[in-house]
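What follows is one structure encoded as structure tokens, with my remarks underneath.
The values are calculated or read from the model by the stated rules, or taken from the named source; none is laboratory data. Given the structure is predicted, the values throughout are model-derived calculations rather than measurements. Note: ideal-geometry Cβ built from the backbone for every residue, glycine included; neighbour counts use all protein chains shown.
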Amino acid sequence: MDLKPRDTDFTYRFNDYVDVFDDELDPCGTITPIIHKIGGLLETVFGVDRVQAGMKIIMEPIASGSEPWREDLYTAYYGEFAFTEMLTEVAAYGRYGIFINAKKDEPESDLENKLKYMIATASGFLDQCPLDQWLGDNRPPQLENAVLLARGRWALDHDKPIEAQALAKLGGVSWGRMRNMISGKDAVFHAEGGMIPAHEALDWLAGRDDFYPSIWRTARPIWDDIVHENVLQYEDPVFVPAARDGEVFHPGLQRGGQYTVGPKGEEVRYERFEDALDALTRMTPPRWRRPGKGNSPSWSLVSGVEWKRSTMTELYEIAKSMQAMRADSP
């Protein structure tokens with residue numbers, strides 16, 4: 001029997017978040033066309049060649065070779081940047097009521113201050129983007145949804161009135177239905193200026209199967225040690241590709257139990273590290289997915305620039321180290 005959202009713990013929510021992130025929640029789904037638009041404006045002012053060189057420097061963590069900067073923009077993820085990683089935190093908080101990079105013993109007051117700053121920063125950024133003019137009515141909604149949900153949840157978490165649109169998103173109803181619930185003689189809520197009192201909103205949400213009550217104040221992530229099954233015991237040398245920043249392809253890069261390798265649009269998934277590595281040896285250049293910083297669900301497509309000699313023991317140690325760093329990321 002499936003759990004209702006109100007009965008789920010941190011791990012369940014985080015796993016669900018990762019599963020649907022790419023298709024439904026990634027704020028960079030909106031960031032990408034924004035940067036595309038800004039880059040185009042810069043090209044008008046400074047010229048294509050100058051902007052190409054400048055964007056390659058700006059996007060260095062996700063840039064690949066000498067391809068046009070727009071190719072990097074649409075084939076990479078943004079977990080390498082502090083701002084975009086922060087947006088993933090905002091999205092997780094807004095939808096699931098969790099703080100995915102919280103430390104085990106971090107005080108509630110510290111988490112509250114961080115969340116307040118993140119939501120204010122994301123809201124400020126969104127307010128400065130003329131999305132109607134730049135992207136039109138059919139623009140990707142992920143960034144706006146993340147900010148709307150986060151602001152709404154923050155209001156409820158602090159007993160403040162919530163925007164009616166945010167309440168509709170949190171409760172899983174259409175905006176049309178919510179409008180009917182806040183107007184007319186049969187109105188469910190006593191809305192004023194499009195804002196609904198917190199106690200009315202929370203009473204209604206308590207009966208909704210789509211709503212995840214906030215657990216960020218008490219729930220903390222639990223990152224288990226990597227369990228290595230069928231680990232190769234010999235110490236024969238292994239050659240693995242390394243990205244521009246020196247990070248190699250290693251056994252800790254599974255997502256959903258699989259390694260993803262290959263160029264954008266032609267990616268192949270393997271369950272065994274050895275099979276994925278074999279596929280990489282036949283690519284020019286080798287390309288694979290790796291996670292962004294912290295516990296961001298964004299996974300970047302990176303290219304190998306050299307091959308390094310290692311052993312399986314060393315590679316598993318790298319994997320363990322990577323997991324430890326993700327668990328300790330602020």
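With respect to the stated conditions, N101 is in the same structural domain as G171 (by TED's automatic domain parsing), outside any helix (DSSP H, G or I) and polar (S, T, N, Q). Annotation: G65 fulfils all but one of (1) modelled with pLDDT under 85; (2) closer than 22 Å to L25 by Cβ; the unmet one is (2).
When every residue of the stretch 114-121 is checked against the conditions, at least one turns out to be exposed (fewer than 14 other Cβ atoms within 10 Å of the Cβ) and over 25 Å from D9 (Cβ atoms). Pairing residues of the stretch 24-44 that are without any contact (Cβ under 8 Å) to a residue 24 or more places away in the chain with residues that are assigned to a helix (DSSP H, G or I), at Cβ distances under 6 Å and at least 6 apart in sequence or on separate chains, gives L42/V51; E43/V51.
All conditions but one from (1) touching a helix residue (DSSP H, G or I) at 6+ places or on another chain (Cβ under 7 Å); (2) part of a loop (DSSP other than H, G, I, E, B); (3) buried (at least 19 other Cβ atoms within 10 Å of the Cβ) apply to L73; the one that does not is (2). Screening D236 on (1) modelled with pLDDT of 80 or more; (2) at negative phi; (3) surrounded by fewer than 14 Cβ atoms within 10 Å (Cβ to Cβ); (4) of a type outside the set (S, T, Y) shows it passes everything except condition (1).
I'd like the residue in the stretch 287-313 that is among the hydroxyl-bearing types (S, T, Y) and assigned to a strand (DSSP E or B) and, out of all such residues, is farthest from C28 (Cα to Cα). Ranking the candidates gives S310 first. Restricting the stretch 86-112 to residues that are more than 18 Å from D22 (Cβ to Cβ) and basic (K, R) leaves a set whose member that is surrounded by the most Cβ atoms within 10 Å (Cβ to Cβ) is K103. Is it true that T284 is over 24 Å from P27 (Cα atoms) and loosely packed, with under 14 Cβ neighbours inside 10 Å? So T284 passes the test.
If you go through the stretch 1-42 and keep only what is exposed (fewer than 15 other Cβ atoms within 10 Å of the Cβ), within 16 Å of D72 (Cβ to Cβ) and of a type in the set (V, I, T), you end up with just I38. Residue count for the stretch 259-279 under the criterion of being at pLDDT below 90 and in contact with a helix residue (DSSP H, G or I) (Cβ under 6 Å, 6 or more places away or on another chain): the result is 1.
Of all the listed residues (G65, G29, G39), the sole one being in contact with a Pro (Cβ under 7 Å, 6 or more places away or on another chain) and either assigned by TED's automatic domain parsing to the domain that holds N138 or closer than 24 Å to W299 by Cβ (or both) is G29.
Cβ contacts < 7 Å: first residue within 16 Å of W299 (Cβ to Cβ), restricted to the stretch 236-258; second residue assigned to a loop (DSSP other than H, G, I, E, B) and of a type in the set (D, E, K, R), any location; separation 6+ or different chain. Result? The qualifying pairs are G257/E271; Q258/E271.
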